[in-house]
Amino acid sequence: MVKKVLENVKKRDGTLVSFNKQRIEDAIFAAAKAVGGQDRKVAKELTEKIVHRLKMQFGTAPVDIEAVSDAVEKDLIE
C-alpha cells in the first residue's frame, strides 16, 4: 500500500508552500482559546482527522487552501 503524504498547499495566489499540519492545529487551538477552551489535545485530535481526510481526498497532489479551510470548518461545526 502506498502511503499518501500531503506535501504542498496551493495558496490563493497560486503559489505552492510546504504542507504544515502544525499550522492547522495552532489555528484550531487559537479559535478554541478565543471562546474559553484550554485543551490542546482536542485541537491535535481534530487536526489528525482533518489531515487524514485531506490525504484520502488529495493523495500527494497539492491541496488547495480553500479545501483545508473547508475541512477545518466542517470538523469544527461537527
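The values are calculated or read from the model by the stated rules, or taken from the named source; none is laboratory data. None of these values were measured; they are calculated from a predicted model. Every residue, glycine as well, gets a Cβ built from its backbone with ideal geometry; the counts of neighbours run over all protein chains shown. We work out accessible area using only protein heavy atoms, side chains counted, and drop any ligands, DNA or RNA first. Shrake-Rupley method; radii C 1.70, N 1.55, O 1.52, S 1.80 Å.
Normalised Debye scattering of the chain at q = 0.22 Å⁻¹ gives log10 I(q)/I(0) of -1.00, counting only Cα atoms as equal scatterers and leaving out solvent. The 3J(HN,Hα) values that the Karplus relation (6.51, -1.76, 1.60; θ = phi - 60°) gives for the range 19-30 are, in residue order, 5, 9, 5, 4, 5, 5, 4, 4, 5, 5, 5, 4 Hz. Gly and Pro appear as x.
Lysine pairs in the chain whose alpha-carbon atoms fall under 20 angstrom of each other, counting only those eight or more residues apart or on distinct chains, come to 29.
State in Å² the accessible area per residue of the chain; use a 1.4 Å probe, count heavy atoms of protein chains only, and round to the nearest integer.
Per-residue accessible area for the chain comes out at 70 Å².
Close amide H partners of Phe19, meaning residues 5 or more places away or on another chain with modelled amide H under 5 Å apart, are Asn8, Val9.
Here the sum of -39500 (n - 2.57) over DSSP H runs of 4 or more residues, divided by the residues of the chain, equals -19500 deg cm²/dmol at 222 nm, to the nearest 500.
What's the carbon and sulfur percent of the range 25-78's accessible surface, probe 1.4 angstrom, rounded to a whole number? The value for the range 25-78 is 57 percent carbon and sulfur by accessible area.
Remark: spin-label model distance Lys21-Asp70 equals 2.1 nm, labels positioned 7 Å along the Cα→Cβ axis.
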